[in-house]
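Okay, structure first, notes after.
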């Protein structure tokens with residue numbers, strides 16, 4: 001039997017998924033442990049909450065046999081709030097609308113997070129930037145333009161740093177690229193928040209950047225971070241707890257007295273989460289748990305909204321010191337609760353259990369109804385869902401008084417942020433059960449899946465096969481060196497298409513052999529040949545030191561011989577380091593550059609510039625030689641600004657070139673001459689990439 005169809009109650013429930021902790025007055029006040037009471041001293045679990053966790057996991061396990069993409073498509077079509085982002089994008093034409101935009105816009109209207117037009121905000125784990133765009137829309141919808149004095153800073157895993165894992169960060173930089181001055185990627189350039197030195201750097205920067213704004217400190221901090229838990233969906237809290245601690249430490253150190261903190265959390269069953277919620281209740285005047293109407297009903301996410309920070313709370317300084325010491329232990333899973341069981345009052349535990357039971361029931365009901373809609377052909381229920389979508393959209397617009405925003409008030413040109421990314425590919429394919437079986441399957445089946453995905457990529461249009469890069473720079477190229485942590489291993493790149501890079505990571509995971517070295521990349525300088533290969537003398541060389549060693553040798557040849565022609569053959573320029581050296585040669589040393597992306601796969605630099613001396617080459621060579629990369633913050637990341645290397649003709653040509661070279665590497669490793677086809681082809685179906693790529697517009701003019 002299907003779910004009960006009551007539009008009014010269902011609509012009310014969607015918009016009122018709220019809970020507030022009620023603090024006791026007088027005796028029994030909630031307070032932090034006294035100085036003599038130990039922290040992180042006892043491991044325990046709350047039996048009632050573990051029972052709720054088991055109930056939830058029992059319902060979630062019913063989804064194990066559904067394909068990820070198919071199920072996601074189904075829930076998106078049946079999502080009651082699915083019409084809201086569509087209307088905001090197409091009718092209201094709001095800036096950079098995502099589901100995150102919609103959720104935060106709700107939070108801003110339901111809670112007093114911003115109470116005056118003079119405000120300073122910090123946004124943690126913010127990529128791609130939707131919370132910032134939503135806050136801008138809210139401010140200009142609430143106050144007059146001349147009243148608003150808003151200063152913001154943000155941080156996230158840096159999409160321009162190639163040591164950050166592709167499947168752990170958001171690489172969409174459409175908003176970031178145009179607001180780079182507001183983003184803090186810290187001294188090591190990683191943007192990694194789970195790093196005490198980065199937290200210290202952010203505390204210093206915020207104190208400096210906000211000191212002269214009228215607000216007098218940071219009024220609001222948001223934290224929308226998460227970690228991919230698809231491989232272990234039953235351990236989400238344990239996996240994400242380190243990030244929660246880092247976000248909370250940042251907020252408590254940076255917020256001013258009276259400030260507000262919004263942090264995304266998930267299920268709250270584990271004792272480490274209980275301790276964190278109790279701590280927040282001790283140092284904020286009010287703590288709410290809120291699940292916006294535009295948050296997917298079937299997921300576990302909730303927003304913990306903390307109002308009126310009490311920065312001088314007794315015992316807080318000691319607590320922060322202990323939390324930071326715990327975070328500094330890299331191999332500690334941090335499942336040890338902050339407080340002992342006896343330090344948490346019973347009345348708090350009772351309220352917390354009520355909250356957990358409420359959100360667990362909402363989630364299980366949503367999953368069960370989605371399964372019913374998926375398995376049944378109940379037309380009445382489908383009509384009910386369709387009608388509900390329209391009502392939710394109307395209520396969202398009416399409740400929150402949504403109105404268009406003048407284009408001049410947007411942070412970034414809307415044409416830029418609304419431009420399609422081109423295509424995206426889900427990291428996981430098939431069902432959870434199928435993926436688990438494939439992990440234990442034989443190697444030939446895994447290779448078969450990789451080869452099938454490669455065949456789909458290879459069928460995609462490749463665009464131009466030959467391209468002559470024409471210089472259009474008026475002023476000479478300006479060197480502006482950026483430094484950070486050395487890239488120990490290449491994990492990501494914005495100089496190749498994401499589906500291609502994902503396949504490279506899958507191949508690397510299967511074979512423990514990196515495809516990027518399989519094409520024997522080399523560089524010919526007239527009669528001399530330089531090969532770019534990892535050092536074979538030891539196993540400690542990083543990717544950064546390997547590319548540094550190669551480019552020092554290359555520039556020494558350029559300085560000493562000034563060859564008439566440099567030909568890079570099947571050479572990958574995947575880092576800002578290598579791309580900036582290439583751009584330097586293209587713009588400052590040679591007059592002609594030709595990309596040949598067919599079978600030759602070469603980049604040819606010819607016609608050396610006529611110079612009286614080689615001072616500029618000497619300068620760059622000295623920079624590369626002095627880059628020992630011995631410290632975590634001093635390795636060269638790029639010789640020029642990011643804006644010189646991204647979203648222009650040069651980067652477009654480089655993406656095209658790198659895609660083709662990588663496909664050649666894959667072909668070498670996955671060709672039939674390397675491995676026979678398995679007789680049993682009952683392997684997991686991988687995501688269909690071809691249709692997504694063919695239907696999508698090109699990325700910044702690159703056809704792939």
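The values are calculated or read from the model by the stated rules, or taken from the named source; none is laboratory data. As the structure is a computational prediction, the values presented were derived from the model and not from experiment. Heads up, the Cβs are rebuilt from the backbone with ideal geometry, glycines too, and the neighbour counts pull from every protein chain shown.
Odds and ends about this structure:
- Taking the numbered list (1) part of a helix (DSSP H, G or I); (2) not assigned by TED's automatic domain parsing to the domain that holds residue 269 in turn, residue 401 passes all entries but (1).
- Top-ranked residue in region 62-86 [being crowded, with 18+ Cβ neighbours inside 10 Å and more than 24 Å from the chain's Cα centre (by Cα); ranked as modelled with the highest pLDDT]: 83
- Number of the exception - residue 189 against (1) free of Cβ contacts under 8 Å to residues at least 12 places away in the same chain; (2) surrounded by 17 or more Cβ atoms within 10 Å (Cβ to Cβ): (1)
- Restricting region 593-608 to residues that are assigned to a strand (DSSP E or B) and free of Cβ contacts under 8 Å to residues at least 60 places away in the same chain, the residue that is surrounded by the fewest Cβ atoms within 10 Å (Cβ to Cβ) is 607.
- Count - residues of region 281-338 that are in contact with a helix residue (DSSP H, G or I) (Cβ under 6 Å, 6 or more places away or on another chain), closer than 25 Å to residue 34 by Cβ and part of a loop (DSSP other than H, G, I, E, B): 7
- Annotation for region 572-579: at least one member residue is at pLDDT 95 or above and in contact with a strand residue (DSSP E or B) (Cβ under 7 Å, 6 or more places away or on another chain).
- Residue list for region 23-64, restricted to those being in contact (Cβ under 8 Å) with a residue 40 or more places away in the chain, more than 20 Å from residue 371 (Cα to Cα) and outside any loop (DSSP other than H, G, I, E, B): 48, 49, 50, 52
Residues are listed down the side, and each one gets a yes or a no for (1) closer than 20 Å to residue 654 by Cα; (2) surrounded by fewer than 23 Cβ atoms within 10 Å (Cβ to Cβ):
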| position | (1), (2) |
| --- | --- |
| 544 | yes, no |
| 559 | no, yes |
| 562 | no, yes |
| 574 | yes, no |
| 588 | yes, yes |
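- Among the residues examined, residue 555 qualifies as part of a helix (DSSP H, G or I) and either surrounded by 15 or more Cβ atoms within 10 Å (Cβ to Cβ) or outside the structural domain of residue 474 (by TED's automatic domain parsing) (or both).
- Hey, residue 515 farther than 26 Å from residue 470 by Cα and assigned by TED's automatic domain parsing to the domain that holds residue 642 or not: yes
- Test: residue 77 is free of Cβ contacts under 8 Å to residues at least 12 places away in the same chain and not assigned by TED's automatic domain parsing to the domain that holds residue 366: yes
- Checking the stated criteria, residue 567 turns out not to satisfy the condition of being in contact with a helix residue (DSSP H, G or I) (Cβ under 6 Å, 6 or more places away or on another chain) and either under 14 Å from residue 620 (Cα atoms) or assigned by TED's automatic domain parsing to the domain that holds residue 501 (or both).
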